[in-house]
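> Let me give you the structure first, and then I'll get to my questions.
The values are calculated or read from the model by the stated rules, or taken from the named source; none is laboratory data. Here the structure is a predicted model, which is why all the values come from computation and not from measurement. FYI the Cβ positions are ideal-geometry reconstructions off the backbone, even for glycines, and counts take in every protein chain you see. Side chains included, ligands, DNA and RNA excluded: accessible areas come from the protein's heavy atoms. Shrake-Rupley method; radii C 1.70, N 1.55, O 1.52, S 1.80 Å.
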Amino acid sequence: MALLLLFVLVLALSAVSADEDAFIGVNIGTDLSDMPHPTQVVALLKTQQIRHVRLYNADRGMLLALADTGIRVTISVPNEQLLGIGQSNSTAANWVSQNVVSHYPATNITTICVGSEVLTSLPNVAPVLVNALKYIHSALVASNLDRQIKVSTPLASSVILDSFPPSQAFFNRSWNPVLVPMLKFLQSTDSYFMLNIYPYFDYMQSNGVIPLDYALFKPLQPNKEAVDANTLLHYSNVFDAMIDAAYFAMADLNITNVPVLVTESGWPSKGDSNEPDATLDNANTYNSNLIRHVLNKTGTPKHPGMAVSTYIYELYNEDMKPGPLSEKNWGLFDSNGVPVYILHLTGSGSVLANDTANQTYCTAKEGSDSRMVQAALDWACGPGKVDCSPLLQGQACYDPDTVFAHATYAFNTYYHQMGKTPGSCDFKGVATITTTNPSHGSCIFPGSDRNGSLLNGTIPAMDSKSSGSPAKYLHGYAFYTTNTLIIGVLGWIAVLL
């Protein structure tokens, strides 16, 4: 099953940062019970043509595996290390020496996230956040890397109050002692304002005020769009409204030339009974539309044509995440590298690195006579010279032990052995071509190219400590203040009713 991801980019970001290219990246969390080896992760990234990744720490194994790949890497100072770095210039220098200098330039580190959602998840550390940013940057300056590597910190969107209409948005003023110097630092270092945007949570917490289609980027009739009464700008999705709210909130603090970078956005594919809109279809719709929206250089109503680079949350489903079922199901892939769903990105042309037109498989056709399928299976494993040993009892592809399942493996192997030539997936009418990857569990079908199998013994396995992504339901979303939620909902009621 090939995931249709478009990650090779040719778009200019904006007038705010005209020399940068807009991109879609992916976050890599590691709260998995069976976390793939770093070399397997990188093999998956290469197969999917993912050229931008964000790590939640600076895992040595991942950084070594990413070396010489050209993949642009964002690393992170975990929240638990933030206090020490924010209080000590030498601690920051040691961190940069160990996690940046020792890997760069072989590993293409481009950005450092200093903490994650610190204001809302770790407010007691917030007073040292700006110092931490400055100390990390100073260490980069000392190593002559400050022009190559940007420094910033991702914030939860809940730091923005009264986010609709966007023109009225402002930051929670209790954080101004941190936000004002932080924004000035970002401005002086030509860095990004990093923001995590989750329309899923905005939709869930609006109690029906925000329409589902509006959250999912689905096309809306003009009379259904939300209108900012102050600017008369029309908004057709939550994502754009929140980005423009960030720009207006920065302008409220007299900052107008710091570009927004979305460090997390996505939609869960499964949820508990009280999360009925966490579905495969909605996750597919949101992420497909998000990718298309960014890479089509659509921009926002305030900044049309100004694409906002975005990291999708996230690469893998993290089954060890605490909290509701949705927390474990934000990933594009399971731990075996099998796509959770196929993104709706067909027709994107040559820039699509992994178009399903080139990722096809041969399967036994449903409804075929089982005796004919058995005869075709016998031929494939005999005269067809297919290695059918994986179908033996105890081997990876033995289960399910059915003629159709075994035939699918044999047919597909023969199809790929023959170079997917016309007629090599027929077997007297009992086989058919599909774009759905039939791999399952540890049974990897030819043509999958999923996670790779070659493990470099010199690269250590990933250290799961401190490398998982933050639990969003705890970090500034489920615990909006009452005033914030009321203001936001009243704003939507005024526009949508």
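> Considering segment 223-241 alone, what residues qualify as being open to solvent by 10 Å² or more (accessible area, probe 1.4 Å) and either touching a helix residue (DSSP H, G or I) at 6+ places or on another chain (Cβ under 6 Å) or not acidic (Asp, Glu) (or both)?
Across segment 223-241, the qualifying residues are Asn223, Lys224, Val227, Ala229, Asn230, Thr231, Leu232, Leu233, His234, Ser236.
> Scan segment 46-77 residue by residue and report those that are farther than 25 Å from Ile136 by Cα, of a type outside the set (S, T, N, Q) and surrounded by 21 or more Cβ atoms within 10 Å (Cβ to Cβ).
Within segment 46-77, just Ile50 meets the criteria.
> Still on this structure: Give segment 70-123 a look and list any residue that's in a loop (DSSP other than H, G, I, E, B) and either farther than 18 Å from Val53 by Cβ or aromatic (Phe, Trp, Tyr) (or both), or say none.
Ser88, Ser102, Tyr104, Gly115, Glu117, Leu122
> Output the residues belonging to segment 409-437 that are closer than 29 Å to Asp34 by Cα, in contact with a Phe, Trp or Tyr (Cβ under 8 Å, 6 or more places away or on another chain) and open to solvent by less than 30 Å² (accessible area, probe 1.4 Å).
Passing the criteria: Tyr409, Asn412, Thr413, Asn437.
> Moving on. Just wondering, is there one or more residues in segment 179-189 that are hydroxyl-bearing (Ser, Thr, Tyr) and open to solvent by 10 Å² or more (accessible area, probe 1.4 Å)?
Checked segment 179-189: at least one residue is hydroxyl-bearing (Ser, Thr, Tyr) and open to solvent by 10 Å² or more (accessible area, probe 1.4 Å).
> Listed residues Ser102, Ser88, Ser138, Ser143; which is closer than 27 Å to Glu314 by Cβ and out of contact with any Leu (no Cβ under 7 Å at 6 or more places or on another chain)?
Criteria check complete, one pass: Ser102.
> State whether one or more residues within segment 141-156 are in a helix (DSSP H, G or I) and crowded, with 18+ Cβ neighbours inside 10 Å.
No, the conditions are met nowhere in segment 141-156.
> Out of segment 265-298, which residues are of a type in the set (Gly, Ala, Ser) and buried (at least 20 other Cβ atoms within 10 Å of the Cβ)?
Ser265, Gly266, Ser269, Gly271, Ala278, Ala283, Ser288
> Now a separate question. Name, by its number, the condition in (1) over 21 Å from Leu295 (Cα atoms); (2) of a type outside the set (Asp, Glu); (3) at pLDDT below 95 that does not hold for Pro105.
(3)
> Please name all residue pairs, on different chains or six or more residues apart, with Cβ atoms under 8 Å, provided the first residue is in segment 83-99 and is farther than 19 Å from Val178 by Cβ and the second residue is open to solvent by 70 Å² or more (accessible area, probe 1.4 Å) and among the small types (Gly, Ala, Ser).
Every condition considered, the pairs that remain are Ala93/Ala142.
> Let me ask another. Checking Tyr361 against (1) closer than 24 Å to Ala410 by Cβ; (2) at pLDDT 95 or above; (3) among the aromatic types (Phe, Trp, Tyr): exactly one of these is not met. Which one?
Looking at each condition in turn, Tyr361 falls short on (2).
> If you don't mind, another one. Among helices (runs of 4 or more DSSP H) lying entirely in segment 168-224, which contain 3 or more residues that are within 29 Å of Pro123 (Cα to Cα)?
Fully inside segment 168-224 and qualifying: 176-188, 199-205.
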